[in-house]
Amino acid sequence: MMQTPTRRTFALALAASGLLSACVVVPAGRHYGGRGPAPADDDEDGVVMVPPPPPQAEVIVAAPGPGWLWIAGYWAWMAGRHVWIGGRWEANRPGYRWQPHGWQRRGRGWRPVPGRWERN
């Protein structure tokens, strides 16, 4: 008697949905400081009245090859809330150093400071 593939099919579908749930789609649009979405301003000066949360822990996968630098993730301000933009590997640029993304206190609020490559 043949066993029906129901359990096996269910297990495979469950495993596939678990793997696909880790996919993230970032909307197209303006970018700043590399590859993250641009911040939406709370006012005309770009000051956000909500302080950024502490950085999230990230799993850093192996570098794609020698000479690559890990660019840590950061908090961006989008649609009235902080959104985590995950880190990435980027080819190192000889003669430059990476200045990470950050937030600067501005009066009673906060202003995003995009990450950037700076000359040594």
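Observations
- Residue-wise HN-Hα coupling along region 61-68, computed from phi with Karplus coefficients 6.51, -1.76, 1.60 (Hz; x: Gly, Pro): 7, 4, 5, x, x, x, x, 9
- Cβ-derived FRET efficiency at R0 22 Å, TRP70 paired with MET49, nearest 0.05: 0.10
- Within region 45-120: Cβ-based charge dipole about Cα centre, in debye rounded to nearest 20 (Lys, Arg +1; Asp, Glu -1): 280
- Alpha-carbon gyration tensor eigenvalues x 5, square-rooted, for region 45-120, Å: 27, 16, 8
- Taking 0.36 nm per residue of separation and subtracting the current Cα-Cα distance, fully stretching the chain between GLU118 and ARG93 would add 8.0 nm.
Values quoted throughout were computed directly from the atomic coordinates according to the rules given, and no laboratory measurement underlies them. Here the structure is a predicted model, which is why all the values come from computation and not from measurement. Positions of Cβ are generated from backbone atoms using ideal geometry, with glycine treated the same way; all protein chains shown enter the neighbour counts.
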